[in-house]
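See structure below.
The values are calculated or read from the model by the stated rules, or taken from the named source; none is laboratory data. These figures come from a predicted structure and were not determined experimentally. In this analysis, Cβ positions are derived from the backbone assuming ideal geometry, glycine residues included, and neighbour counts consider all displayed protein chains.
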Amino acid sequence: MNGHHALTPDAGGQGMTSQRARDRLVATLRSEGIKDTRVLEVLRTLPRHLFIDEALAARAYENTALPIGFGQTISQPWIVARMTEALLESGAPAKVLEIGTGSGYQAAVLARLVSTVYSVERIEELLRQARRRFRALKLDNIRTRHDDGMLGWSAEAPYDAIIVTAAGELPPAELLAQLAPGGTVLGPFGPPSEQRLLRFRADAGGHLQREDLGAVSFVPLLSGTR
């Protein structure tokens, strides 16, 4: 775990954004089946209110998705915890590629638990905001790129794990090609009305073993940039 990432003075929060509110959220996540203590500790200490609009700060530690503009959302904390837990299950991957930076919250959670996070975002303004948050929280092991997430980030491949934070029918072939042998791809896949959180693990022969981790609901994975 990267313990050197200090929090900024306003990261403590007050009232509905206080440590007590975070502790309550973690208790909820634990009661809803999140078991990994490393993940729970990161969610207990990471200031989620810094990743959303100030007007919504009072709702930062509710276990719910919230709008972040541009038709995007910051995922429900349970989903962030579950996806992070699922990625760490067979050991912490060193290099993780994230498709869809969004608010930056998922990348920030991962950055506390893995060596390096590479994150690609197609909406430039969202990425600009996320970069400011990473700097404020001194998360210097996150590298970001404004590009079409469908294409991944081939220059930095291969990755031990790829996490997709928007829903497509199947993992794009371009992303699978950037996975290291034995690597994991995790994300919401399937038709819009039947999205499932799927984990694909590459076996020794390069074949993908698929695991269904349950029903989810995410914004769609889109190509292009804006």
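Here are some notes:
- From Ala202, Ala161, Ala167, Ala180, residue being under 24 Å from Ser90 (Cα atoms) and touching a Ser or Thr at 6+ places or on another chain (Cβ under 6 Å): Ala161
- When the residues of the stretch 195-226 are filtered to those that are exposed (fewer than 12 other Cβ atoms within 10 Å of the Cβ) and over 21 Å from the mean Cα position of the chain (by Cα), the one that is nearest to Pro77 (Cα to Cα) is Gln209.
- Filtered residues of the stretch 60-75 (kept if buried (at least 17 other Cβ atoms within 10 Å of the Cβ) and within 14 Å of Arg22 (Cα to Cα)): Ala60, Tyr61, Glu62
Conditions (1) aromatic (Phe, Trp, Tyr); (2) buried (at least 17 other Cβ atoms within 10 Å of the Cβ); (3) assigned to a helix (DSSP H, G or I); (4) in contact with a Phe, Trp or Tyr (Cβ under 9 Å, 6 or more places away or on another chain), marked per residue:
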{"residue": "Leu25", "(1), (2), (3), (4)": "no, yes, yes, yes"}
{"residue": "Arg30", "(1), (2), (3), (4)": "no, no, yes, no"}
{"residue": "Leu40", "(1), (2), (3), (4)": "no, yes, yes, no"}
{"residue": "Leu43", "(1), (2), (3), (4)": "no, yes, yes, no"}
{"residue": "Ala58", "(1), (2), (3), (4)": "no, no, yes, no"}
{"residue": "Val80", "(1), (2), (3), (4)": "no, yes, yes, yes"}
{"residue": "Thr84", "(1), (2), (3), (4)": "no, yes, yes, no"}
{"residue": "Ala92", "(1), (2), (3), (4)": "no, no, no, no"}
{"residue": "Ser103", "(1), (2), (3), (4)": "no, yes, no, yes"}
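- Where Arg133 falls short, out of the listed (1) modelled with pLDDT of 95 or more; (2) of a type in the set (D, E, K, R); (3) within 25 Å of Ile68 (Cα to Cα); (4) more than 15 Å from the chain's Cα centre (by Cα): (4)
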